[in-house]
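> Below you will find the structure I want to go over with you.
The values are calculated or read from the model by the stated rules, or taken from the named source; none is laboratory data. Not measured: the values here are computed from a predicted model. Methodologically, a virtual Cβ is constructed for each residue, glycine included, from the backbone with ideal geometry; neighbour enumeration extends over all protein chains shown.
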Amino acid sequence: MANEPAVRKLSYSHEAMVDAMIQNPMIRGWELAAMFGVTESWLSRIRTSNAFRERLRERTNELVDPVLAATVEERFEQMVLRSQEILIEKLSEPAEKIDPQLALQCAALGAKAGGYGGFGAKVAPAPAAREPNWLERSAERLRNLNQGVIDVESREVPVPRQAGT
């Protein structure tokens, strides 16, 4: 798929998909794919193309009331902004009037939004560099372990065994 060219011009079937999506904003990808007799992966490629997304935006603006056209993201952003305004208003009261739980929750939300306190993006640590003969050394350690000896920092340490093992 990475080698396939991006969609530059939409066909009449693409326009019909746009109309179907406007008529039923809750339509699922598999339903739309079945409606047009295409695979979900092909449909996903089309729906994520810049040309398709731009045409969907244009048609939505032509046909739909702006209040209804607000996407979930826009509505969520509006809700967050309004919530922030309310919280700021509540937190601007004298300290003795502020519920401690509210203050703690606001601090936690602020830290999370700012990426502080371990709430930031999780980045996997870089893999440790392996020594060239790590596989042979691992096999040797296993053999020693089976014989009752553990190699700790290049020192052999006898491992006590119970009788019968």
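> Could you grab me the full set of residues in region 15-32 that are without any contact (Cβ under 8 Å) to a residue 40 or more places away in the chain and within 21 Å of ARG57 (Cβ to Cβ)?
ALA16, MET17, ALA20, MET21, GLN23, ASN24, PRO25, MET26, ILE27, ARG28, GLY29, LEU32
> For region 48-66, does any single residue satisfy the condition of being closer than 30 Å to LEU109 by Cβ, at pLDDT 75 or above and not in a loop (DSSP other than H, G, I, E, B)?
No, there is no match, as no residue in region 48-66 is closer than 30 Å to LEU109 by Cβ, at pLDDT 75 or above and not in a loop (DSSP other than H, G, I, E, B).
> Another one. Return the total of residues in region 1-42 being of a type in the set (S, T, N, Q) and modelled with pLDDT under 85.
3
> Counting only residues that are without any contact (Cβ under 8 Å) to a residue 12 or more places away in the chain and not in a loop (DSSP other than H, G, I, E, B), how many does region 86-101 have? Even if it seems obvious, please write down each step before you answer.
Here is the first cut: in region 86-101, the ones without any contact (Cβ under 8 Å) to a residue 12 or more places away in the chain are 86, 88-89, 92-101.
Of the ones still in play, those that are also not in a loop (DSSP other than H, G, I, E, B) are 86, 88-89, 95-97, 100-101.
Total satisfying the criteria: 8.
> For the structure I just gave you, tell me whether ALA70 is modelled with pLDDT under 85 and surrounded by 13 or more Cβ atoms within 10 Å (Cβ to Cβ).
Considered against the rule, which asks whether it is modelled with pLDDT under 85 and surrounded by 13 or more Cβ atoms within 10 Å (Cβ to Cβ), ALA70 comes out as yes.
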